[in-house]
Each structure stands twice: as C-alpha cells, then as structure tokens.
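The values are calculated or read from the model by the stated rules, or taken from the named source; none is laboratory data. Because the structure is a prediction, the values reported are computed rather than measured. As a convention, Cβ positions derive from the backbone with ideal geometry for all residues, glycine included, and neighbour counts pool all protein chains shown. Calculation scope for accessible area: heavy atoms of the full protein, side chains included, ligands and nucleic acids excluded. Shrake-Rupley method; radii C 1.70, N 1.55, O 1.52, S 1.80 Å.
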Amino acid sequence: MSLNPLDLLRALATSERITPPSMKWKTVTPSEYKRVYEESIKDPYSFWSRVAWGLKWAKPWSIVAEGSPPGVNWFVDGLINPYYNIIGKHRDTFVWSKPAIIWEGEEGDARVLTYSELDILVNKVSSALVNNGVKPGDWVLIYSPPLIEAIATALASVKIGAPFETVFTGFGYYELARRTREVQPRVVFTASGFPRRGKTIDTLSTVRKAVEASGFRGRVVVYERMGLPALRENEEGFMDFIRGEHSVVSDFNAHSNHPLFGLHVGYSSDYRLVVHGTGGFLVQVYATSHWIGLRPRDTYYCTVWPGWITGVSYVIFGPLMIGSTIVLYDGGPDYPSWDRWWRIIEDYSVTLFLTTSSALRLLSKRSSDLVSTRRLDTLRAILVTAEPLDPETWWWTYRFAGTSKTPLIESIPDKLSGRIPVVNLYIQTETGTFITGNLVNYTFPPIAPGSAGTPIPGFDIKVVDSSGVEVVEAIGELVVKNPWPSMPIKYPAEYSEKWKSGYYRTGDYGYISSDGYVYILGRLDNVAKISGYRISPGAIENTLRETLKIDVKIYRVRDIERFEALVLEYRGSINPDEVKSAIRTMIGAISEPREVIKSNA
Amino acid sequence: MPRRLLFKNTWLSRIGFAGVRVEYGDLVICIDPGSEVFNCQVVLCTHNHSRHCGSWIHSTNKPIYSPSTGYIVKPGVDLDVNGVRVLVRDAYNDPDLYNGKPPHPRGFGVGYILIPPSGLTIYHTGDTSLVSEILNPGLNIDVLVAPVGGGSVMTTEDAVELVKSIKPSIIIPIHAEDIDLYYRFRDMAQPYAQVILL
C-alpha cells in the first residue's frame with residue numbers, strides 16, 4: 001500500500017457502527033454526542049474552567065487564558081501543588097492503602113507498592129534530589145525502562161518543582177547526549193540494564209557514552225535492576241542515593257505555567273524539546289484520564305513506556321491522579337511467548353488495557369489461541385493509540401481479546417461476538433493528551449472501526465483543505481481550532497509555525513465522516529510513524545552527516561505491520577551495514593531503516 | 001502467573017494446594033505447604049488434612065505449629081516465630097451448612113495472621129466458612145489469602161463478602177479444585193480489592 005492518504009482512507013473507513021454489549025446502556029446517539037460536543041467548543045474557556053475545578057488549587061486563577069496562540073497562558077495567576085493533586089490528595093482515603101503500582105519483571109517476579117509506600121519512596125527521592133542541589137526549575141532526566149523507581153523519580157521531581165524529561169530507551173547515546181546538552185539536567189536517573197527476551201540491554205553503557213559525549217557533570221543515579229557494576233565517580237547506586245536520614249520535603253506550589261515535564265518530539269528537521277506547564281497539563285490529563293474510563297478501582301496496564309507522551313500522561317500522571325492501580329512490565333511482549341501481555345491482564349485482574357495499533361497487529365498475526373485461552377473477563381475496555389487501527393485488527397481485538405468467557409446480554413462467548421469497547425484514540429506530544437476517541441466515561445457514540453473516534457469535548461477539531469477551508473467527507477489536514485489547556489509553554493519554531501493560520505495544524509492528514517468520526521491518514525510532512533514512534537528523518541540525516549560525513553536521503557514507505565518504515569539512500573564509501581549499525585547505536589534501534597541503499601549516482 | 005510477589009520487603013509465593021510461602025530476610029515460613037516442605041524453615045499448619053499438612057509433620061524435625069502436632073496453637077494465641085509475629089485465629093465450618101457434620105469442626109483448624117518486622121500483615125484464613133470470627137481481624141490486612149472453592153470451605157460468593165468486610169490491599173485466592181472458580185472469584189472481587197493470581 002502507498003502512503004497516499006486516499007488509499008489509507010479506503011482501507012480504514014467502513015459504514016460499520018458498533019455498540020459493544022457492555023456499553024449498550026451508556027452509548028449515546030450521534031446527535032446526543034453532537035449536542036455535548038458543540039456546547040463544549042462554543043466556549044472552550046468556560047468548558048475548561050469548569051473542568052479545572054476538579055483539581056485543588058492553592059490559589060485559583062484570575063483569568064482562564066490570555067494571549068494568542070502559540071503563546072497562550074492558561075489559568076493565569078493560578079497556584080497549584082502538583083504533587084498533592086497526583087498523590088497527596090489520596091491520603092486519608094481508601095486509595096492510600098491500595099496498590100499504586102504492580103510491577104512485573106520479565107523474569108517473572110513481581111512487586112507491589114501501595115500509595116502510602118509510593119509516597120514514602122517519593123519523599124526519599126525528593127530529599128536526595130534536594131541534597132544533590134536540585135532546585136525548582138532544574139531538570140531531571142530519566143532514561144529507564146518502566147520501573148517503580150523511575151516513576152518515583154519523576155514524581156519526586158514534580159514534588160520539588162523540578163521538571164523532568166523521560167527519554168525512551170530505544171534511543172541511542174547520541175540522541176541521549178543531545179537531550180542532555182539541551183536540558184542540562186542536574187541528575188540523570190537510569191537502570192543498570194533491563195532484560196529483553198532473556199538478554200540484558202545495557203542501559204548504563206549508553207548513558208556513560210552519552211555523558212562523555214555531552215560533557216554532563218551532574219549525578220548519574222543507577223537503579224540496580226540487573227545488579228550493580230563498578231560505578232564511576234559521578235555515579236551512585238539508587239539504594240545509596242536514597243539511603244540515610246530524610247527530612248520531609250515540602251511540596252512545591254507551582255505557578256500554572258511552571259514547567260512540569262518535557263519531551264523531545266520528532267519534526268522533519270530534528271527532535272525538538274516541547275515543555276508542558278503544570279496547571280493546564282494537569283487539568284487536561286486528569287479530565288481525560290477519567291473520561292477514557294479510569295476509576296479508583298481500576299487496575300490499568302499501559303504497554304506504552306513513559307518515554308512517549310502516552311506513557312507520561314497516562315502512566316506517570318493520569319491513573320495516579322485518579323487513584324487507580326497501574327501495572328508496569330519491563331520485558332518483551334513475546335517472552336517467553338506471545339501471550340505475555342494477556343497473562344499479565346489475567347494475573348493482575350487488569351480492567352483497562354492501553355496499547356498501540358502496531359502491537360495489536362503483531363499479536364493478531366500469532367495464533368489466536370494465545371489470547372482466546374486466557375481469561376480476560378475483568379477487562380472493561382481496550383484503548384489503542386499511536387496510529388490508525390485498521391478494521392481488520394480492530395475486529396480481531398474485539399473478538400479475541402474483547403469477548404472473553406462471561407456471557408453478557410447480547411455477547412456470546414462461543415461465537416466471539418465481542419463484549420467490551422475497543423477504542424482508538426489520537427494524541428500528540430504537543431496536545432499532551434488524547435484529543436479524539438470514544439470516551440467510556442463520557443461521550444460514547446457507537447464505535448466506527450478504523451476511525452480514531454469522535455473529537456473529545458473541549459477540542460475544536462476540524463479538517464481543512466489546502467486553502468484552510470473546513471471540509472467534511474474530504475481529505476485535508478487535521479487541525480485544532482481552539483487553544484487547549486496543556487498547550488506547550490516552551491516549544492520550537494516548528495510548533496509556532498503550525499499556528500500561523502490561527503489554528504493548530506497537526507501535520508496529519510485527516511478525514512471526518514458525515515457522522516463526525518475522525519480518520520487519521522498519515523503525515524503531510526516526512527516525519528515517520530513507525531510502530532507508533534514519531535521518528536524525525538532530519539535527526540538521522542544530521543547525525544550521519546556529523547559523524548559518518550555522508551549525505552543521505554530518507555523516504556517513508558508503508559509497512560504492513562509497523563504502519564510506516566524508512567528507506568535510506570546515501571552516497572559514500574562505507575557499506576550499508578556500517579550505516580545501519582551507526583543508526584542503531586547512536587540514534588537508536590527504533591530509527592533503523594528497513595532498507596539502506598548505497599547510491600552509485 | 002508471577003513466580004513470587006514482593007510486598008513490603010516480604011516475598012510471597014504459592015505452595016501446595018492451599019498454601020503460601022512467606023520469605024522475610026533469611027527466614028522462610030510456610031503455611032500449609034502440602035508436601036512441598038523442602039524449602040521451608042518453619043511450617044504453620046492450619047489443620048492436618050493431607051493437602052495442607054500431610055502425615056510427614058509427625059516425622060519432620062522442622063519446627064511445626066499446628067492445632068494438633070508440634071507446637072500446639074489455639075485461636076487467640078499471639079506468638080513470636082523467629083521474629084515474625086503470628087496471631088492465631090478461628091477457622092471452622094458453620095455446622096448448619098453441613099447437617100451438623102462439618103468437615104472442619106470448631107477446634108479442628110485455625111487461621112494465621114503473620115506480621116514480619118516489615119509490618120506487612122498476611123491473613124491466611126485456613127479452611128473455614130464465612131463465620132463471624134473472621135470478618136473483623138482487628139487490624140488492617142495487607143494480604144488476604146482465602147479459600148474460594150466452596151464445598152468444605154467458603155464459596156466464591158462468601159469469599160467476596162469477606163473481601164468486602166476486611167478490605168485488604170491485595171487478595172490471593174486459594175483452595176479451588178475447579179480453576180474456573182479462581183476466575184469467578186477474581187471477576188467478582190476485583191471491584192473491591194486487588195486480586196492477584198499467584
């Protein structure tokens with residue numbers, strides 16, 4: 001299949017509209033949805049102001065929003081304690097003694113940490129960060145698989161007003177060094193390694209190379225995930241880092257626009273830092289976490305690692321703000337066999353499962369017995385993100401993972417007729433949270449398989465043609481017409497450029513059906529979406545030019561399983577394997593092209 | 001299923017048909033290990049049915065605590081076992097449910113609450129019906145290990161009622177011949193507390 005958005009639309013759009021049996025009584029009609037949605041975007045400032053009262057503010061805002069995009073300040077003059085709104089508020093409630101995190105390592109051992117224990121751990125890490133000179137506004141960088149200690153370090157940073165950046169471990173040392181140079185962290189948290197299909201990924205070596213390449217002089221804190229090797233002068237084991245006397249660290253009261261966290265996001269030219277502010281982000285992530293279905297009694301498993309926006313918003317922040325239990329797993333989905341994720345759902349009674357379309361496509365290619373023999377009856381919804389979910393994979397997921405054994409009205413287990421919602425949601429790092437998708441706890445019209453659902457209330461989402469005119473039932477660019485609370489507070493020129501027409505251009509082709517469903521049809525620019533990862537071709541070109549002194553051209557191609565893949569063409573004397581190897585170690589395995597072609601021209 | 005579970009510095013794993021192994025530091029205490037006694041340093045038996053503690057308990061030189069052999073325990077007793085506090089609780093069948101001939105009459109078996117120095121509280125109810133004595137243990141329970149299989153012990157529904165009453169942080173269901181009952185219990189109990197199938 002080509003990259004042509006029309007071809008993709010033909011593959012995605014169908015006339016099917018599905019009401020899962022478990023949602024029979026909560027599903028709204030398209031007109032009911034439209035009424036709620038239109039009301040929300042008629043005056044988005046009032047809408048988000050009402051939503052913002054769901055948080056506790058140390059000092060309420062005087063103005064909901066001021067300024068014009070991209071430089072909009074939300075909740076002006078508002079003062080908020082972010083840690084209280086994530087963890088502290090659960091003290092003296094039933095949530096305090098329930099598990100906050102269940103972690104399972106690839107080897108099979110598991111750990112449970114209650115909210116009260118998490119709070120104690122966060123206080124220890126906060127205290128250690130303060131003792132290492134970390135002050136409000138200083139950055140903490142986290143390069144780690146999903147670990148309790150990584151989450152605690154992120155929360156400890158939030159508690160003391162230090163913004164953090166999580167870097168996905170799929171990125172290599174060169175990318176890590178660039179991020180380190182840019183944010184100038186005081187502390188880098190990492191793990192000594194982590195298992196992947198029984199072998200060890202040596203995270204610490206990558207960090208060491210990045211430290212050397214960036215000239216980083218701060219503290220590297222190493223969690224002893226795979227034992228602890230001999231440490232260097234600037235390194236410290238996590239257990240030593242938090243050992244000793246800890247005074248109770250006061251929570252930081254942040255101005256609404258105080259930086260909360262940042263992520264480097266792929267643009268055509270390179271990866272660029274996008275920073276989210278405290279007040280607006282927390283308002284939006286708390287509300288959307290509730291809307292997508294999370295409740296305090298939920299056990300929630302998200303396979304997206306917290307190096308991507310979904311993993312930050314919907315692992316570190318949203319579920320903990322709600323009081324849910326999160327499940328973390330740091331190994332491969334196929335180890336020891338391809339049913340590992342389904343077993344995790346079964347063993348820990350997972351009620352909400354969030355994963356990516358690519359992952360489901362991979363799973364759907366394996367024997368359906370791997371899922372249909374598991375008992376997934378606790379699941380209430382399967383949430384899918386990162387890229388379009390084709391109807392074929394949607395149906396596979398709905399039937400095999402979404403039916404299970406317990407009969408429900410109009411759900412027939414023996415016929416795999418489907419029972420619970422499988423919903424595709426659309427997110428960008430810049431938006432901070434999901435902005436389209438059927439909402440299990442809010443507006444839930446029937447599901448249109450292949451679509452990314454309907455726009456979420458509060459986000460004025462349209463498709464415009466090349467002259468900026470709104471179109472329906474035609475392919476154009478997906479745009480957001482109103483500012484949203486978690487708009488980035490620091491951003492690159494590329495982001496500003498996207499607001500030039502007065503609305504935010506997502507860079508994705510889109511299509512909205514006559515009944516309001518949004519279809520995402522790939523990028524307008526040359527940014528690639530590979531297995532859900534947003535990959536910057538410019539970063540690959542720059543790195544190879546700087547290090548191997550070669551000029552390259554990068555093309556995107558459609559990939560059946562991974563959505564897109566890269567083809568790289570270069571001129572030079574080195575061989576293609578060297579180019580691949582350089583990309584793998586410096587930029588990261590996730591950026592490795594499917595094909596590297598040496599051009600003779 | 002996870003091999004073992006770490007909670008408040010204490011490792012928990014399943015052992016035998018209705019048992020649990022508790023590891024704290026160098027100490028390994030097994031409750032109802034069945035015949036899988038080789039890794040246990042201390043054994044607590046809720047009663048002497050063979051699936052819980054077989055006839056080997058009469059010949060082993062490991063320390064045994066039970067209502068009938070070794071160190072004899074009774075409900076209400078408060079023990080120190082190698083630094084782990086052990087509270088002994090009632091566990092019996094309601095005679096009315098068994099035509100006056102319960103398989104676990106009062107006085108035959110016990111339940112245990114273990115409190116290692118980390119402060120974790122583990123309540124293994126033993127083989128019991130949903131009797132009033134077990135509904136309120138008098139302290140917060142972190143881990144409830146409870147039978148769910150019906151027959152000579154609580155039914156799935158009874159066990160869910162116990163969960164609602166005790167409100168533990170996590171529950172590990174045991175004692176079901178029919179594996180479907182574990183899932184049935186999980187699906188019914190999960191809204192009230194975290195069920196983990198160990």
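Yes or no, residue by residue, for (1) of a type outside the set (A, V, I, L, M, F, W, C); (2) crowded, with 22+ Cβ neighbours inside 10 Å; (3) touching a Gly at 6+ places or on another chain (Cβ under 9 Å); (4) at pLDDT 95 or above:
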position: A:GLU165; (1), (2), (3), (4): yes, yes, yes, yes
position: A:GLU175; (1), (2), (3), (4): yes, yes, yes, yes
position: A:THR190; (1), (2), (3), (4): yes, yes, no, yes
position: A:GLY198; (1), (2), (3), (4): yes, no, yes, no
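Would you mind stating whether B:ILE141 is touching a residue at least 12 places away in the same chain (Cβ under 8 Å), within 13 Å of chain A (Cβ to nearest Cβ) and in a strand (DSSP E or B)?
On the way: touching a residue at least 12 places away in the same chain (Cβ under 8 Å): yes; within 13 Å of chain A (Cβ to nearest Cβ): yes; in a strand (DSSP E or B): no.
For B:ILE141, the condition - touching a residue at least 12 places away in the same chain (Cβ under 8 Å), within 13 Å of chain A (Cβ to nearest Cβ) and in a strand (DSSP E or B) - is not met.
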**Item:** Restricting region A:88-112 to residues that are among the acidic types (Asp, Glu) and more than 9 Å from chain B (Cβ to nearest Cβ), the residue that is nearest to A:CYS302 (Cα to Cα)
**Value:** A:GLU106
**Fill in**
Checked region B:4-28 for anything farther than 19 Å from A:VAL112 by Cβ and under 15 Å from the mean Cα position of the chain (by Cα); matches are B:GLY16, B:PHE17, B:ALA18, B:GLY19
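Would you confirm, using the coordinates I've provided, whether B:ASN39 is open to solvent by 10 Å² or more (accessible area, probe 1.4 Å), under 19 Å from B:MET154 (Cα atoms) and over 13 Å from the mean Cα position of the chain (by Cα)?
Details: open to solvent by 10 Å² or more (accessible area, probe 1.4 Å): yes; under 19 Å from B:MET154 (Cα atoms): no; over 13 Å from the mean Cα position of the chain (by Cα): yes.
No, not satisfied.
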**Message:** With of a type in the set (A, V, I, L, M, F, W, C) and either under 23 Å from A:TYR329 (Cβ atoms) or surrounded by fewer than 20 Cβ atoms within 10 Å (Cβ to Cβ) (or both) as the only criterion, which of A:PHE216, A:PHE171 stands out?
**Reply:** A:PHE171
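Quick one: in region A:70-87, which of the residues that are more than 19 Å from A:VAL51 (Cβ to Cβ) and open to solvent by 10 Å² or more (accessible area, probe 1.4 Å) is nearest to the other protein chains (Cβ to nearest Cβ)?
In the first step, residues of region A:70-87 are kept if they are more than 19 Å from A:VAL51 (Cβ to Cβ); the result is A:70-71, A:83, A:87.
Restricting the remaining residues to those that are open to solvent by 10 Å² or more (accessible area, probe 1.4 Å) gives A:70-71.
On the way: A:PRO70: 42, A:GLY71: 44 Å.
Out of the qualifying residues, it is A:PRO70.
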**Prompt:** Hey, among A:ARG375, A:ARG343, A:ARG399, A:ARG361, which residue is assigned to a loop (DSSP other than H, G, I, E, B) and either within 14 Å of chain B (Cβ to nearest Cβ) or open to solvent by 10 Å² or more (accessible area, probe 1.4 Å) (or both)?
**Reply:** A:ARG375
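So, B:ASP158, is that one in a helix (DSSP H, G or I) and without any contact (Cβ under 8 Å) to a residue 24 or more places away in the chain or not? Outline the logic, then answer.
Working: in a helix (DSSP H, G or I): yes; without any contact (Cβ under 8 Å) to a residue 24 or more places away in the chain: no.
So B:ASP158 fails the test.
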**Request:** Say whether the condition of being open to solvent by 10 Å² or more (accessible area, probe 1.4 Å), modelled with pLDDT of 95 or more and touching a Pro at 6+ places or on another chain (Cβ under 7 Å) is met by at least one residue in region A:114-131.
**Result:** no
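A:THR325 - would you say it is under 26 Å from A:THR288 (Cβ atoms), away from every other protein chain (no Cβ under 14 Å) and buried (at least 22 other Cβ atoms within 10 Å of the Cβ)?
Numbers: under 26 Å from A:THR288 (Cβ atoms): yes; away from every other protein chain (no Cβ under 14 Å): no; buried (at least 22 other Cβ atoms within 10 Å of the Cβ): yes.
It is false that A:THR325 is under 26 Å from A:THR288 (Cβ atoms), away from every other protein chain (no Cβ under 14 Å) and buried (at least 22 other Cβ atoms within 10 Å of the Cβ).
Please work out which residue is nearest to A:GLY280 (Cα to Cα), limiting yourself to region A:49-69 and to residues that are open to solvent by less than 40 Å² (accessible area, probe 1.4 Å) and in a helix (DSSP H, G or I). If you could, list the steps in order and put the result at the bottom.
To start, the set of residues in region A:49-69 that are open to solvent by less than 40 Å² (accessible area, probe 1.4 Å) comprises A:49, A:51-52, A:55, A:57, A:61, A:64-65.
Then drop every residue that is not in a helix (DSSP H, G or I), which leaves A:49, A:51-52.
Details: A:SER49: 10, A:VAL51: 11, A:ALA52: 8 Å.
Of everything passing the filter in region A:49-69, A:ALA52 is nearest to A:GLY280 (Cα to Cα).
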**Message:** Show me the strands (runs of 3 or more DSSP E) entirely contained within region A:490-601 in which 3 or more residues are surrounded by 19 or more Cβ atoms within 10 Å (Cβ to Cβ).
**Reply:** A:504-512, A:518-523, A:528-530, A:533-535, A:551-559, A:563-571
**Request:** May I ask you to list the residues in region B:2-48 that are modelled with pLDDT of 95 or more, assigned to a loop (DSSP other than H, G, I, E, B) and within 14 Å of chain A (Cβ to nearest Cβ)?
**Result:** B:LYS8, B:ASN9
**Item:** Selected residue (criterion: most open to solvent (accessible area, probe 1.4 Å)) from residues of region A:416-438 that are farther than 23 Å from A:LYS34 by Cβ and of a type in the set (S, T, N, Q)
**Value:** A:SER417
**Prompt:** Looking at (1) surrounded by fewer than 20 Cβ atoms within 10 Å (Cβ to Cβ); (2) over 24 Å from A:THR351 (Cβ atoms), which is the one condition that is false for A:ASN441?
**Reply:** (2)
**Request:** For region A:134-171, enumerate the residues that are more than 21 Å from A:ASN81 (Cα to Cα) and assigned to a loop (DSSP other than H, G, I, E, B).
**Result:** A:SER144, A:PRO145, A:PRO146, A:LEU147, A:VAL167, A:PHE168, A:THR169, A:GLY170, A:PHE171
